[in-house]
Each structure stands twice: as structure tokens, then as C-alpha cells.
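Participant: Dropping the structure in here first, questions after.
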Amino acid sequence: MKELIEYIAKALVDSPDEVVVMEVEGEITSVIELKVAKSDLGKVIGKQGRTARAMRTILSAASTKLNKRAVLEILE
Amino acid sequence: MFYEFTGKTVKEAVEKACGELGVDEALLDVEVVEESKSGFLGLVGQRDARIKVKKRDLLKEIMEVSDQPSEPEREPLPGPCWECGSEETSAAPQEAGVAETEESPAAQEAPPELEQARKILVEILAKMTIEAEVRPKMDNGAVYLEIIGDGSGLLIGKEGHTLNALQYLVSKIVNKDAPAHGKTEIIIDTENYRLRKIERLREKALKMSRRARKTLKPVWLEPMPPDERRIVHMVLASDREVYTKSHGEGAMRRIVVYPRRMPNKRRGR
């Protein structure tokens, strides 16, 4: 799941080198933390949080398939 | 058929175009001929923005194709289990086939965006651990990617949310550095979801039109994304007893179907 978010985030931002993704895995729920350059924050959040929502939607679809749950947190 | 409009800004020109042609912005193909220039202190060298617009008709064509075999009242579409991707997708796929062969000649040469978009989608699907094939093609200037998957409906999601999210993200990535009016339209489809959606929207539009005519009151539809609104506008564009308008901003923008004959006024617009 980490790779999924990492790929999408890197493709969206202007400074892909500064994208850091960490995954804290739990029994059922894992938390994925996304960190990007300050100037790119808007790019991964999007207008009214639309980009962030789209990423979360895809993330839940992907984890549903594995009978798991994943939460995406965008760190400031 | 192209019409030309000018305005202080591109936005203003587009608004003018909508006003004069009497259609919603969603129904126009806008091409910017010249951006506006503010000039020196707004005095010297000021130039208006010039745009060329064309009324869109791509979905109308699809609709006309799917019109022929069915009366609007009938055809209940593949049952309530669209989400579970059944094999019995009755009439729709064949109609899709017709639309494909008849509509492509104008868009033969594939732009680099086609391959780029395909690659991105394939990559995302792989990382979602979904095994699927992606078939790309050009459709009226838009990049059309069809996902051939296991038919589980996982990629569609509730009300198409997952499919829309994929489409939104791929389009966002492909158009990352594109100017506002030079964006490539990306359509991602699977199990013919988009065509079935068009059918469903068409039926809803006709139903709302009947209601507006009967009650002589405006009917408000729920908020919809631009592409869905466009379909409703188009379906009702030829309806002489009602007209449609969009109200609200952003994600809350919704269509209102107005009866042309209002209770007190003899003719509204």
C-alpha cells in the first residue's frame, strides 16, 4: 500500500525527491503517513481536499481486496 | 461550426459565449485564440482575450446511437447489480461497439498523452495488486482507457467513486503542467460503467422533465460532477417544454429543470 501512495504522490508533486511515505502496519488497520515539500502540500490535498479524497478512495479499494483497512494521513 | 468571442479575460469571453449561444459552459468546446493582455498601467497595449467555441456533441452521438433500439420508458438496464459486474450486460455493449467504429476517424493519430496515461494507470493498478489489462484508444480527442478486470466491481466502487478517483488522479498527473485550456480529457471505464451511467442519467433527466412539466415548478437535481451535468443538459436540450440551468459552486453545483410554461407567466424565457 505504501508503494501505491508513494507512486501517486511522486507523480503529482513538483519535488518528488522530498516525498516520504511511512507505513505503520497494524493487525487490520495500517496507517500510511505522507510527507511532501511544503510547497507541494496543496498538490496532494487539492481543491477542497479532492486529490486527498481520491487517494484515500483508491487506498481503501486496494486494501479492501486484502481484507484490510488503511488510513492515509498527510503530515504538515 | 465555430463561433468567436472576445472579452477582457478568457473567463469573461466564455461567459459571453454561454450567454449568446444560450448553453451551459459544460456544453462548449473552448479554444483560446489569444490570451488577454493587461498592458501598461491598463492603458497601453491592452488586448482582449479571444476564444473560439464550438457546441459539443460527442455524447449526443452516443445517445442517438443508444436511442434507436429503445423507447425511453422501457429498458430497465442490467438490473440492480451494476456494481457486481454481471455478465448479462444486455444491449449496452453492442451499442458501445457501434459508437466506437463510427466515431473514431477524426481522432486517428495518438498523442503522447495516450501512452503516458496508459502507463500511469497500469502502474497504479499494479500497485493496488489488481490484475487487469488496460486498452487505450482516442475518442473524440479524449484519451479513453478501458480496464478489463475480473469484473468484481471493486474498481467501480460505490456510485463509481473508485473509478472516478482513478480517472481524476490520472488526469491530474497527465495534465500536471498543461495550461488551463490545453488539458487532455481522460476517461477511464470498466465493464461499460460509463455508458450505463449515461443511460441512467438520461432516464433520470427525462423523468425530471416530466415532473417539471406536470407540476409547472422547477425541479432541482442533486449535485453532480460536470461530465454528468453535461449529459443531463444535452438530453434536455432538445426538450422544447423545459430548459435547464446549473446553480451553485464547485462540488455543490446542481441542475435545475425549469418548465418553460410557468403558472403565472405565459412564457418563461
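The values are calculated or read from the model by the stated rules, or taken from the named source; none is laboratory data. These numbers come from a predicted model, not from an experiment. Glycine also receives a Cβ, built like all others from the backbone with ideal geometry; neighbour counts cover every protein chain displayed.
Participant: Please state which one of A:Ala9, A:Ala37, A:Ala54 is over 15 Å from B:Thr129 (Cα atoms) and touching a Phe, Trp or Tyr at 6+ places or on another chain (Cβ under 7 Å).
Facilitator: Values: A:Ala9 fails: touching a Phe, Trp or Tyr at 6+ places or on another chain (Cβ under 7 Å); A:Ala37 fails: touching a Phe, Trp or Tyr at 6+ places or on another chain (Cβ under 7 Å).
Being over 15 Å from B:Thr129 (Cα atoms) and touching a Phe, Trp or Tyr at 6+ places or on another chain (Cβ under 7 Å) holds for just one of A:Ala9, A:Ala37, A:Ala54, which is A:Ala54.
Participant: Taking region B:136-166, which residues are surrounded by 21 or more Cβ atoms within 10 Å (Cβ to Cβ) and among the polar types (S, T, N, Q)?
Facilitator: If the condition is that a residue be surrounded by 21 or more Cβ atoms within 10 Å (Cβ to Cβ) and among the polar types (S, T, N, Q), then B:Thr162 is the only one that fits.
Participant: I would also like to ask the following. Just to verify a result, which residue in region A:28-66, among those that are away from chain B (no Cβ under 12 Å) and part of a loop (DSSP other than H, G, I, E, B), is surrounded by the most Cβ atoms within 10 Å (Cβ to Cβ)?
Facilitator: A:Val36
Participant: So, one more: What number of residues in region B:119-151 are more than 10 Å from chain A (Cβ to nearest Cβ), in a loop (DSSP other than H, G, I, E, B) and in contact with a helix residue (DSSP H, G or I) (Cβ under 7 Å, 6 or more places away or on another chain)?
Facilitator: Count: 2.
Participant: Taking into account only those residues within region B:152-195 that are outside any loop (DSSP other than H, G, I, E, B) and hydroxyl-bearing (Ser, Thr, Tyr), which is farthest from the other protein chains (Cβ to nearest Cβ)? Can you show your working first?
Facilitator: Filtering region B:152-195 for residues outside any loop (DSSP other than H, G, I, E, B) gives B:158-174, B:186-190, B:193-195.
From what's left, hydroxyl-bearing (Ser, Thr, Tyr): B:162, B:168, B:171, B:190, B:193.
Numbers: B:Thr162: 5, B:Tyr168: 5, B:Ser171: 10, B:Thr190: 12, B:Tyr193: 14 Å.
Among those that are outside any loop (DSSP other than H, G, I, E, B) and hydroxyl-bearing (Ser, Thr, Tyr), it is B:Tyr193.
Participant: Given the condition under 30 Å from A:Ser15 (Cβ atoms) and of a type in the set (Lys, Arg), answer yes or no: does some residue in region B:153-171 qualify? So that I can check it myself, show each step before the final result.
Facilitator: Filtering region B:153-171 for residues under 30 Å from A:Ser15 (Cβ atoms) gives B:161-171.
Imposing the further condition that a residue be of a type in the set (Lys, Arg) reduces the set to none.
Checking region B:153-171: not a single residue is under 30 Å from A:Ser15 (Cβ atoms) and of a type in the set (Lys, Arg).
Participant: With respect to B:Glu15, determine if the residue is at pLDDT 80 or above, surrounded by fewer than 16 Cβ atoms within 10 Å (Cβ to Cβ) and farther than 25 Å from B:Arg202 by Cβ. Let's see the steps before the verdict.
Facilitator: Values: at pLDDT 80 or above: yes; surrounded by fewer than 16 Cβ atoms within 10 Å (Cβ to Cβ): yes; farther than 25 Å from B:Arg202 by Cβ: yes.
Against the criterion (at pLDDT 80 or above, surrounded by fewer than 16 Cβ atoms within 10 Å (Cβ to Cβ) and farther than 25 Å from B:Arg202 by Cβ), B:Glu15 qualifies.
Participant: Suppose we keep only residues that are in contact (Cβ under 8 Å) with a residue 24 or more places away in the chain and of a type in the set (A, V, I, L, M) within region B:157-179. Which one would you say is nearest to B:Pro111 (Cα to Cα)?
Facilitator: Among those residues, the one meeting the criterion is B:Val174.
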